Amino acid sequence: ALATGIVGLPNVGKSTLFNAITQAGAESANYPFCTIDPNVGVVDVPDKRLDKLAELIKPQRVVPTSFQFVDIAGLVKGASRGEGLGNKFLSHIREVDAIIHVVRCFEDENITHVAGKVDPAADIETITLELVLADLETVEKRLERVQKQKKSGDKAAAQEYDILARLQQALAEGKPARVVELDQEERKVIKSLNLLTMKNVLYAANVSEKDIANADENPYVQVVREIAAGEGAEVVPISAQVEAEIAELEGDERAMFLEELGLEQSGLDRLIGAAYKLLGLITYFTAGEKEVRAWTIREGTKAPQAAAVIHTDFERGFIRAEVTAYEDLIACGSQAMAREKGLLRLEGKDYVVQDGDIMTFRFNV
Ligand code: GDP
């Protein structure tokens, strides 16, 4: 399953945020595995289209799609040298598909800041540097090996050497690997290194309750935005503490509380949406009388592989898919009408599934 790791310095609000996530996820009974690992939280992906489809079809069951957050606490200065629980945490980061970096943007004299004062730029640099150093070590180790192969006339090794040298240069300057421009081919060559700073990052700027409605006026948030802009990364202002409170409320109460705070959507919902995008994920739907359900795939996935998300047999026996675009279905009011109007398409094994597609798979068992 796809997962996003939550990282950040101690005392920035990671656990608070993570608890809000698991609390929100605990309401959904669809994920029995979410209790297995205390560091893994599963959340539903909020999707208005799913609600709309459910309204239209009135199925017995509505199942949203979900994905995982992993709490990766314990990253401190010196982690790349094995300090703290250093290497263990770095290896956890290696396993996730994208990173949410929580940055402290709230002042509270009762809550110690590890570096003595709230300073988002320094915090980001500290964390990034640990990841960069870990990657530098990975790249240099690999360089040594490839250099030998290159000397013996291996062409592929020569190409890899080139790429590694470029990465090494950036990392040695303290820059994350993702700022190095690589084409698809080059990315493939170094994919197995699984570099930490190659993963997409989203900054969660943790602000206090009083700042959440106008988070962008907070000078700390502005600093985070500037840094993120330089890396092409996104920022989601959030108040971990408020989210923890929201997570304890139910439907109506939740809406009222959000309104009081001057928010349209909970920060958590925004964070989930942004993380979903960060991972390059899209949603397709299956819609029957029994169940209307959302499924997650990576952008660019073809129909048989999309079907495999439901069941591997669906991929193996794939014959074709019947597809209606979400907008078309809503406009027609029913699948029968969509069929009548010719808006239900038959697609084969090379069809690239689009966000919002409503799919019925035909397959041999
Ligand atoms: P972690 O070490 O990054 O996991 O940080 P925690 O989530 O444990 O938070 C550290 C402390 O900061 C806890 O006492 C939280 O209650 C507090 N905290 C977290 N978010 C906020 C916030 O937005 N405002 C304030 N004032 N305190 C917060």
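The values are calculated or read from the model by the stated rules, or taken from the named source; none is laboratory data. Remember, predicted model here, so these are calculated numbers, not experimental data. All Cβ positions, glycine included, derive from the backbone under ideal geometry; neighbour counts span all protein chains shown.
Values for this structure:
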{"item": "Residues of the range 216-232 classified as touching a residue at least 40 places away in the same chain (Cβ under 8 Å) and either in a helix (DSSP H, G or I) or basic (K, R) (or both), total", "result": "6"}
{"item": "Residue check for N200: among the polar types (S, T, N, Q) and more than 16 Å from the ligand (Cβ to nearest atom)", "result": "yes"}
{"item": "Wholly within the range 307-361, helices (runs of 4 or more DSSP H) carrying at least 1 residues that are polar (S, T, N, Q) and more than 21 Å from K48 (Cα to Cα)", "result": "312-316"}
{"item": "Cβ-Cβ under 7 Å pairs, at least 6 apart or on other chains, the range 236-260 side in the same structural domain as G273 (by TED's automatic domain parsing) and over 23 Å from Y276 (Cα atoms), far side away from the ligand (no atom under 16 Å from the Cβ) and at pLDDT below 90", "result": "F257/L249"}
{"item": "Residues satisfying the stated conditions in the range 71-106, i.e. within 20 Å of the chain's Cα centre (by Cα), modelled with pLDDT of 85 or more, more than 19 Å from A233 (Cβ to Cβ) and not in a helix (DSSP H, G or I)", "result": "D71"}
{"item": "Candidate set from the range 216-235 (those that are buried (at least 21 other Cβ atoms within 10 Å of the Cβ) and among the hydrophobic types (A, V, I, L, M, F, W, C)); member that is nearest to G267 (Cα to Cα)", "result": "V235"}
{"item": "Failed item in (1) of a type in the set (D, E, K, R); (2) under 27 Å from the mean Cα position of the chain (by Cα); (3) not in a helix (DSSP H, G or I), with E137 passing the rest", "result": "(3)"}
{"item": "Top-ranked residue in the range 299-354 [being under 16 Å from G288 (Cα atoms) and of a type in the set (G, A, S); ranked as surrounded by the most Cβ atoms within 10 Å (Cβ to Cβ)]", "result": "A307"}
{"item": "Checklist (1) assigned to a helix (DSSP H, G or I); (2) under 22 Å from the mean Cα position of the chain (by Cα) applied to E260, failing item", "result": "(2)"}
